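Read through the structure below, which is laid out as structure tokens, and then see the notes.
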Protein chains: 2
Amino acid sequence: MRSAEEVDSRRAVEELKELAELTGGPDGARRVAWTETWSEARDWLRGKLEQIEGLSEIETDEAGNLWATAPGESEKAVLLGGHMDSVPNGGWLDGCLNTIAALEAMRVLAPQQRPVTLRMVDWADEEGARFGRSLLGSSATAGTLVPDDVRNLQDRDGVALPDALKEHGVELDRMKESHRELENAVAYLELHIEQGPVLERMDLPLGVVLGTFGVERHAVRFTGQHAHSGSTPMDVRRDAFVAAARSATAFRDDAARRDDVRATTGFVNVSPAIVTAFNGWCEMSLDQRALDAGVLADMLEKAKEASERIAGEEGVSVEWERLWRIEPIPFSEELISLGDEAVTEVAGRSHRLPSGPLHDAAEMARLMPTVMLFVKSLRGLSHTKEEDTPEEDLELSVRALHRLAVKTMEWAKE
Amino acid sequence: MRSAEEVDSRRAVEELKELAELTGGPDGARRVAWTETWSEARDWLRGKLEQIEGLSEIETDEAGNLWATAPGESEKAVLLGGHMDSVPNGGWLDGCLNTIAALEAMRVLAPQQRPVTLRMVDWADEEGARFGRSLLGSSATAGTLVPDDVRNLQDRDGVALPDALKEHGVELDRMKESHRELENAVAYLELHIEQGPVLERMDLPLGVVLGTFGVERHAVRFTGQHAHSGSTPMDVRRDAFVAAARSATAFRDDAARRDDVRATTGFVNVSPAIVTAFNGWCEMSLDQRALDAGVLADMLEKAKEASERIAGEEGVSVEWERLWRIEPIPFSEELISLGDEAVTEVAGRSHRLPSGPLHDAAEMARLMPTVMLFVKSLRGLSHTKEEDTPEEDLELSVRALHRLAVKTMEWAKE
């Protein structure tokens, strides 16, 4: 195989700019899945792939995912993933950096001989921006999609998801047939911008992802009795908001004491929500995240205990309703080590960190050894046109993914 | 003068029920000021007054307030006040208990000789339920109403306040001429339901009111930076809601440590208010009340200090905007003592307490010695059809007001 230095990371950055020119604009990226602009972006990608020497096939599967294959001595396949789709008014990097870095790796590696097969995949509709279901293409291929759960989804114009899919040649009830694409897959690699502030604050360009957080998401509702702000002495109040405020603080404080977990109060609603009464009712969301299932369960238990203790002290009742949960999805120890090697070779130093957001890699990690690389996000911003990463760091990330692909193919042949 | 025992407190309770029959119903009282039902209630009251022997005149002033006068040896006048108007779906006692207890006192006292003049007044539009301006009639008479401040008020059907007044024979720009009614007034007395839980919790039927709280009402706004709940570690967050929650708790805790003051968070708004982000912005209302101006100022200063300290710790900024303020209005020491005597005579024990809500008495207290009596409210409820007081306590309150009127006339003659 040729040496890793031969990847043209500059070309990848220029191609990112070319794509932004084509499918972005003053208000940001417009590559929302199942739209005309997204199709244009994919046609552009397909055009680039068609120029690569050594690819046996470029095809779209039943879920609308685009695959390119560079056959190796073995049918065992290492996958490089990304997604061309963006949120509306999105950034120039989220998803397409992954794809274009994979394209560059394919460009260098496809013409060479290799011990195992190398494939890249552009997942359809990672963001779920139009219909609200993220990871649509990768979950179909992974087999976790339940078609009936999404059949009635509509976009804001009332277009049904199955009709939008059909316009792009995808039949909802056949999407899961794409699972056959994974038949020989033995490893999945993905590069992504961090979408958080950790690497920037450590002054590091690159990191290796430990896995995606498990999430426990609840609505927490406190019920007391509202009454007039003037006539009710402090010591006889049953103030639901004060109970919620103290609980939110306790949830945050517990998370702040632990290592690399999250606890977030998002929505907050009170009633009667007027200046002349304290509140008899308050609901708020709590989103807890941890990479370790035991830690996550303990956080949830501690939060419930704290809310019940505080509710008792404030003379109110508290109820918890689970809104959503997902288990932690740890990545492969062996591939994490290979990721460290690749990052250290191109950037001098590596750092391991969990992923806050979900990624297509989470769907693949249930089925095969998986790892992701993160590249620094400036100010932690994403899903906005302000999303950015210094070009020299983007170049490092392209080189690191290439090296990781080479190392993973070597690892996979055994 | 006849002895105090001759007031017919049972008749007053029966008249309250008669009024409820006429102007209430299954959804509560319907005596909203400047409506047909309110006019009916006043016609009913006027009919009762016309049967009283010894009244020199019954008249409506330029502000729509209804006056009845029992002349005494001196023109100096003791006033008994109340308001027939209610909120929509209101209770059977708020406002009309005051008026009917005064009616009963007039009925007993008007036929007798007395050292000073005794007058009763039914204030127009205490509640401000239709146009949002409370104490309308009494503030016009007191001289604090600014007609231009209310000229453009509309009800929810778009009817302008001046037009509604006109239908009831009141011209907005002449309302303040009613100030002449106070020319010889030397004391103002008012009975009201407590609208709070204090007397019920002390198992007392009656109390004497020390004055109305001063109020400092602010919007407190915290600004940080929202970001994703997964990707942002706890220690780099600038979470506006956590800062607000900690501040709300601090405001409450400071008030709870002081004697008989209030601090209330009412509305709470956060942004972006979604489950997957912590909040970069939060505004909430703070309503602080105290009977002592120095205490109120200190509470406000302490709250500002706490919010700024917490904002600094949370990496957010905080801004305060005053929404409204009113100074404390203490009642007359001498009349409070007479009130204690009257209450102790009819109920065995008195208790002094501040008033949370404002009352017409607050407008009068700026101009002359004033005091109020409170009668127990069950569960502290008012402004709802569930508002209630045991009938035996209502009877005690009618007797106490009568005794207080007698004592105040004696006091006023000197």
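If you roll a 1.4 angstrom probe over the protein chains with everything in place, what fraction of the accessible area of the range A:83-195 belongs to carbon and sulfur, to the nearest %?
Numbers: 1530 of 3790 Å².
Result for the range A:83-195: 40 percent of the exposed heavy-atom area is carbon or sulfur.
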Original post:
Mind checking the angle between helix A:36-50 and chain A's longest principal axis? C-alpha axes, 0 to 90 degrees, to the nearest 10.
Top reply: 30
**OP:** Could you work out the mean count of beta carbons from other protein chains within 10 Å of each residue's beta carbon in A:279-288?
**Re:** 3
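Taking the Cβ-Cβ separation of A:Glu386 and B:Leu323 as r and a Förster radius of 56 Å, what is the calculated FRET efficiency to the nearest 0.05? Please list the in-between numbers first.
On the way: r = 34 Å, r/R0 = 0.61.
It comes to 0.95.
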Subject >> Residue-wise HN-Hα coupling along the range B:247-258, computed from phi with Karplus coefficients 6.51, -1.76, 1.60 (Hz; x: Gly, Pro) >> reply: 5, 4, 5, 5, 4, 5, 4, 4, 5, 5, 7, 8
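If you scale each eigenvalue of the Cα gyration tensor by 5 and take the root, what three semi-axes come out for chain A, rounded to whole angstrom and sorted largest first? Walk me through the numbers before you get to the answer.
Details: eigenvalues 375, 111, 76 Å².
Largest first, chain A gives 43, 24, 19 Å.
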Original post:
With springs only between Cα atoms under 10 Å, which of A:Asp85, A:Asp155, A:Asp360 fluctuates most in a Gaussian network model of chain A?
Top reply: A:Asp155
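As a test of understanding, state the convex hull volume per residue of the range A:40-186 from its alpha carbons, in Å³.
Normalising the Cα hull of the range A:40-186 by residue number yields 100 Å³.
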**OP:** For helix A:9-23, report the angle its Cα long axis makes with the longest principal axis of the Cα atoms of chain A; keep it between 0 and 90° and round to the nearest 10°.
**Re:** 60
Subject >> Solvent-accessible area lost in complex, 10 Å² minimum, residues of the range B:203-222 relative to chain alone, 1.4 Å >> reply: B:Arg217
Original post:
What angle, in degrees between 0 and 90 and rounded to the nearest 10, separates the Cα long axis of helix A:391-412 from the longest principal axis of the Cα atoms of chain A?
Top reply: 70
**OP:** Towards the positive end of the charge dipole of the protein assembly as shown, with charges on Cβ (+1 Lys, Arg; -1 Asp, Glu), say which of A:Pro205, B:Ile329, B:Thr344 has the farthest Cα.
**Re:** B:Thr344
Subject >> Relative contact order (%) - criterion: Cα under 8 Å, at least six apart; region: chain A >> reply: 22
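Give, as a single signed number, the net charge of other residues whose beta carbon lies under 10 Å from the beta carbon of B:Pro88, with Lys and Arg counted +1 and Asp and Glu -1.
Numbers: positive: B:Arg30, B:Arg31, B:Arg130; negative: B:Asp27, B:Glu127.
Residues close to B:Pro88 contribute a combined charge of +1.
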**OP:** Using label points projected 7 Å from each Cα along Cα→Cβ, tell me how many nm separate A:Asp173 and B:Arg156, to one decimal.
**Re:** 5.0
**OP:** Once you've got the GNM for chain A with C-alpha springs shorter than 10 Å, pick whichever of A:Ala102, A:Ala219, A:Ala70 has the biggest mean-square fluctuation.
**Re:** A:Ala219
Subject >> Whole-Hz couplings from phi, Karplus 6.51/-1.76/1.60, listed for the range B:107-124; x for Gly and Pro >> reply: 4, 7, 8, 4, x, 8, 6, 8, x, 10, 6, 10, 10, 10, 9, 9, 5, 8
Original post:
Tell me, what ³J(HN,Hα) does each residue in the range A:268-275 have, in order and in whole Hz, if you take phi through Karplus 6.51 cos²θ - 1.76 cosθ + 1.60 with θ = phi - 60° and put x for Gly and Pro?
Top reply: 9, 10, 10, 9, x, 6, 10, 5
**OP:** Have a look at B:Ala243, B:Ala29, B:Ala400 and tell me which one the Gaussian network model of chain B (Cα, springs below 10 Å) gives the largest fluctuation.
**Re:** B:Ala243
Original post:
For the range A:214-326, max minus min Cα coordinate along each principal axis, in Å, sorted largest first?
Top reply: 49, 22, 19
Original post:
Cα to Cα, under 19 Å, and not fewer than 8 places away if on the same chain: which lysines meet these conditions relative to B:Lys176?
Top reply: B:Lys166
Subject >> Set of lysines near B:Lys17 by C-alpha distance (under 26 Å), chain-local residues within fewer than 8 positions excluded >> reply: B:Lys48, B:Lys376, B:Lys385
**OP:** Can you grab the distance from the C-alpha centre of the range B:144-191 to the C-alpha centre of the range B:241-284, Å, no decimals?
**Re:** 37
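Could you report the range B:214-326's accessible area per residue, 1.4 Å probe, as an integer in Å²? Mind dumping the intermediate values first?
Numbers: 4220 Å² over 113 residues.
With all protein chains present, the range B:214-326 gives 37 Å² per residue.
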**OP:** Would you mind computing Rg(Cα) / (2.2 N^0.38 Å) for the protein assembly as shown, counting N as its residues?
**Re:** 1.30
**OP:** Using only the alpha-carbon atoms of the range B:1-91, report the extent along each of the three principal axes, biggest first, to the nearest angstrom.
**Re:** 45, 35, 19
Subject >> Label point 7 Å beyond Cα of B:Met202 along Cβ direction - residues of the range B:226-269 with amide nitrogen under 14 Å >> reply: B:260-261
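The values are calculated or read from the model by the stated rules, or taken from the named source; none is laboratory data. Not measured: the values here are computed from a predicted model. FYI the Cβ positions are ideal-geometry reconstructions off the backbone, even for glycines, and counts take in every protein chain you see. Side chains are part of the model used for accessible areas, which takes the heavy atoms of the whole protein and leaves out ligands, DNA and RNA. Shrake-Rupley method; radii C 1.70, N 1.55, O 1.52, S 1.80 Å.
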